[in-house]
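Presented below is the structure to which this report refers.
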Amino acid sequence: MSESIRVLAAADLPEGQAKVVEVNGRSIAVYNAGGTIHAIDSVCAHRGGPLAEGRFDRESVVCPWHGFRFALRDGICSTNPALRVRCYPARVEANDIVLEIAPAT
């Protein structure tokens, strides 16, 4: 069962910005993409690049190291579909950004 965890005040993540948060030992990149909040693993599945530092739009983020593109909605890499990063359900609740985090397995 997942746990709802407040990670940021919504005001701390303006539209077009990304931030990395640490939750239960996981490094997670949180994006405000056109007013929609997305959260994915912050480390590129290709070679460990910092995804929060990559260019992103409403649909995907591009790793700044090697250009691998990951969909924000499902984490699938369009550059190499065999690669994927974990996605986390995200929402704004009472002016906070809340992620749903499943226990580590």
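Taken together, the values in this text are just the output of simple stated rules run on the coordinates, not laboratory data. Given the structure is predicted, the values throughout are model-derived calculations rather than measurements. In this analysis, Cβ positions are derived from the backbone assuming ideal geometry, glycine residues included, and neighbour counts consider all displayed protein chains.
Considering only alpha-carbon pairs that sit under 8 angstrom and 6 or more positions apart, the relative contact order computed for segment 16-88 is 23 percent. Dipole magnitude for segment 16-88: computed about the Cα centre from +1 point charges on Lys and Arg Cβ and -1 point charges on Asp and Glu Cβ, it is near 80 debye. When the charge dipole of the chain is built from unit charges on Cβ atoms (+1 for Lys and Arg, -1 for Asp and Glu) and taken about the Cα centre, the candidate among Phe56, Val20, Leu8 whose Cα reaches farthest toward its positive end is Phe56. The fewest-to-most ranking of His46, His38, His66 by surrounding Cβ atoms within 10 Å reads His66, His46, His38. Once Kirkwood radius over Cα pairs in Å is calculated for the structure shown, the corresponding label among (i) 14.1; (ii) 13.5; (iii) 20.0 turns out to be (ii).
As a proxy for reagent exposure, Tyr31, Tyr88 were ordered by neighbouring Cβ count within 10 angstrom, fewest first; the result is Tyr88, Tyr31. Restricting the chymotrypsin sites (Phe, Trp or Tyr not before Pro) of segment 62-100 to loop positions (DSSP other than H, G, I, E, B) with no more than 12 neighbouring Cβ atoms within 10 Å leaves nothing.
Available extension along the chain between Ser27 and Asp57 is 8.7 nm, counting 0.36 nm per residue and deducting the alpha carbon span.
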